[in-house]
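Have a look at the structure below before the remarks.
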Amino acid sequence: METGPVPHLSRNKRLMPRITWFLVALLFVQIVNGQHVLVVGEDSLRIKTNPFILRNVPDSVQNKLPCWLDCYPNDYASHWLVDGECLYLTALTSCSEKNRQRMPLAQAFGDRVENNRVLADWFAGELVTATGTLVHAVYEEPVYDVETAYRFEKGRFVGQTVYDNSKTCVSAYENPKLLIPFIHSQIQWEQLPELDTEPPIRVMLSITTNKQGQRIRLFNYEGTVWGNEAIRVVSLLLPYWSVYYRQGEVLGHAYNIPVVFSEENRIKYATDR
């Protein structure tokens, strides 16, 4: 974890004239995808935190904002710029399929708009950006090996922190095509009671990962031979299981795993041992 000044800030005064049609096209793509984007120097960064915090917006401004922004805060895209150590809002667009539109900044900010941008002097907090390589997606949210948080007070840059997420590891067994055969081939079928053809016994477990470590949670068949065997088998995965990091800390997540005891699986997997 490192702190330091924003890179390239000294070049930001030359940035605006250098925004070409390519960046305009890039901005359009980002808006359609509902992303928040921060331009720092020559870098266009995806913001992982929601920057437009309505409770920090003056009432005189918030009252003029479109209702879709207040009711559906995640249904819009915004574009921001760091220039001269100040934070500016440069675009705000609805991404709703029913109401896809770009809001003129002057509609809400009036004569505060200068050079098609507004000084975000209401904003205080961190903008966390993805500055590294995409590692994996957890719950559809990407995990990057490096993240950078830019801190602002009343729209002025006050510092940054670089987070190292390189200790993230992704288990191959998150792929069901590998997970299911591995689990059922590790079951000690010969030590289990005979199974009726119907219905199969479906034991549900999860591997939970957080700052305290990893643990197995059993949802049903607790205290039975089936539940105990399922726990034993799933515990074999722990040394190889995924650990994700965000902002330098372990990301809490759970992965549900079914273990199915059936005569069909006994015949299929017991012969493979």
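Just a few scattered comments:
- Peptides 114-125, 76-87 ordered by average Cβ neighbours within 10 Å, highest first: 76-87, 114-125
- Ranked list, fewest to most other Cβ atoms within 10 Å of each Cβ, for LEU192, LEU105: LEU192, LEU105
- One Cα centroid belongs to the range 235-273, the other to the range 123-165; the line between them spans 31 Å.
None of the figures in this text is laboratory data; all of them are computed from the coordinates on show. In this text, all values refer to a predicted model and were calculated from it rather than measured experimentally. Heads up, the Cβs are rebuilt from the backbone with ideal geometry, glycines too, and the neighbour counts pull from every protein chain shown.
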